[in-house]
1. Of CYS298, HIS246, PHE313, whose Cα points farthest to the positive end of the dipole of the chain (charges on the beta-carbon: +1 Lys, Arg; -1 Asp, Glu; origin at the Cα centre)?
2. Ranked by accessible surface with a 1.4 Å probe, highest first, in what order do THR68, THR281 come?
3. Sequence neighbours fewer than 8 away in the same chain don't count; with that in mind, list the aspartates and glutamates whose C-alpha is under 15 Å from LYS349.
4. About the Cα centre of the range 234-339, what is the dipole size in debye to 20, counting +1 per Lys and Arg Cβ and -1 per Asp and Glu Cβ, all else neutral?
5. When the helix-only estimate is applied to the chain (DSSP H runs of n ≥ 4, each -39,500 (n - 2.57), divided by the residue count), what is the mean residue ellipticity at 222 nm, nearest 500 deg cm²/dmol?
6. Determine the order of MET288, MET65, MET103 by accessible area, beginning with the largest, at a probe radius of 1.4 Å.
7. Need the list of aspartates and glutamates near LYS184 for cross-linking: C-alpha distance under 13 angstrom, and skip anything on the same chain fewer than eight residues off.
8. The range 21-130: which GluC sites (Glu not before Pro) are DSSP loop and have at most 16 other beta-carbon atoms within 10 angstrom?
Amino acid sequence: MHKQNVLFVIDSLGIGGAEKATLTLAEGFLKKGFHVDLIVCDPIVSFEVPKGISLHILGFQKSFMDYTLYAKKLHTMIRALAHKNAAEYVLILVALQKATKLMRGYAHPHIYHCVHSTLSQSAFANRHGLRLFLKRRSLQKIYDGLHIIAVSNGIKEDLVHTIGISPESIQTIYNPIDLEHISKQALEANPIKEENYIVHVGRLHSVKRHDILLKAFALANLDTKLVLVGDGSERENIEKLIQELHLQNRVILSGFIQNPYPIIKQAKLLVLSSQYEGLPTVLIEALMLGTPVVSTNCKSGPDEILKGEFEQFLVKVNDVDDLNKKLLLALESEVLIVDKHIDKFLSSKVLRKYMELI
């Protein structure tokens with residue numbers, strides 16, 4: 001009996017939550033006995049692809065008529081892979097906007113497009129009048145009429161009510177977290193040799209608002225170090241602000257680390273200071289590892305993760321004073337993390353929802 005075939009198509013495997021979630025889901029299907037193909041549009045592979053997943057690179061490059069040309073190449077590649085597998089795909093999952101644009105014209109009864117961020121937050125910033133109208137219409141043209149999976153209820157709300165997309169169908173399925181995998185990874189040696197620190201894990205990008213975090217950390221005057229795990233375009237600005245705030249001896253810029261879980265597990269606290277998110281997986285991972293968290297109550301995701309007694313650790317966006325207060329509160333509190341806080345994000349439960357799509 002032939003294995004059933006599942007296909008994933010994604011922009012790239014650069015560093016990001018959508019990319020990590022896609023690999024976790026792909027590996028979940030693999031463990032369930034499916035044959036898994038993964039097509040990456042851009043030639044960027046920063047994550048290690050689990051053994052057994054067949055990786056294929058489209059090699060997208062910007063050029064005249066680029067989307068038309070590469071859509072044809074991608075569709076031809078998919079048909080060739082299906083022929084090689086001697087069976088059609090029972091499910092095709094498409095992640096991120098470039099992949100969705102390239103896959104729009106591909107006819108298949110079970111193709112779903114996964115949206116991992118609140119698109120309006122970045123797309124509509126600094127746009128008004130005609131420019132705002134045109135951007136909204138361009139997003140509607142990309143996503144109208146598709147079967148969409150939003151990775152949080154906030155994203156679903158953003159797509160339908162803020163952008164005005166009219167999908168064929170839309171539902172929320174949270175990103176999967178492989179608890180067994182991250183627990184095992186967390187047992188490895190911690191590259192941070194400090195015993196007393198709080199941590200932020202994420203790319204060094206303006207949307208993550210490291211400036212707010214650094215100012216709140218300076219104001220709190222905590223007897224801890226602050227570890228910033230990640231790399232990105234804002235590194236130079238962050239280094240300048242660290243000097244301005246005289247935090248050179250209190251902040252550690254670790255750069256990108258392939259396995260951040262020992263750092264998260266041994267931290268006193270994990271902090272998220274973002275302007276906006278989709279579903280901030282790192283918050284869920286920290287809770288699963290027993291690490292307290294503080295997060296801005298940004299759109300979207302944090303208020304779907306931090307429920308009940310954890311709501312007190314949600315912070316007003318762009319508010320240094322509120323973040324300062326919540327840092328102190330979280331370090332003094334002893335809130336017990338139990339199964340009800342993390343159960344719906346477990347990979348086994350999420351995978352079951354995806355298999356119901358077949």
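The values are calculated or read from the model by the stated rules, or taken from the named source; none is laboratory data. A quick note: this is a predicted structure, and the numbers were derived from the prediction, not measured. When we count neighbours, we look across all protein chains shown, and the Cβ atoms used for this are built from the backbone with ideal geometry, even at glycine. For the accessible areas, the whole protein counts, side chains as well, though only heavy atoms, and no ligand, DNA or RNA atoms are used. Shrake-Rupley method; radii C 1.70, N 1.55, O 1.52, S 1.80 Å.
1. Comparing the listed Cα positions along the dipole, CYS298 ranks first.
2. On the way: THR68 65, THR281 15 Å².
Solvent-accessible surface, decreasing: THR68, THR281.
3. Answer for LYS349, where 15 Å is the Cα cut-off: GLU27, ASP178, GLU180, ASP339, listed by chain and number.
4. Details: 10 positive and 16 negative charges, 52 e Å.
Charge dipole of the range 234-339: 240 debye, to the nearest 20.
5. Values: 15 runs with 139 residues, N = 358.
Estimated from H runs of four or more residues: -11000 deg cm²/dmol.
6. On the way: MET288 25, MET65 95, MET103 0 Å².
So the residues, ranked largest to smallest area, are MET65, MET288, MET103.
7. Counting by Cα, and skipping residues close in sequence, LYS184 has these aspartates and glutamates nearby: GLU285.
8. On the way: sites: GLU27, GLU48, GLU88; in loops: GLU48, GLU88.
Listed in order of number, the matching sites are GLU48, GLU88.
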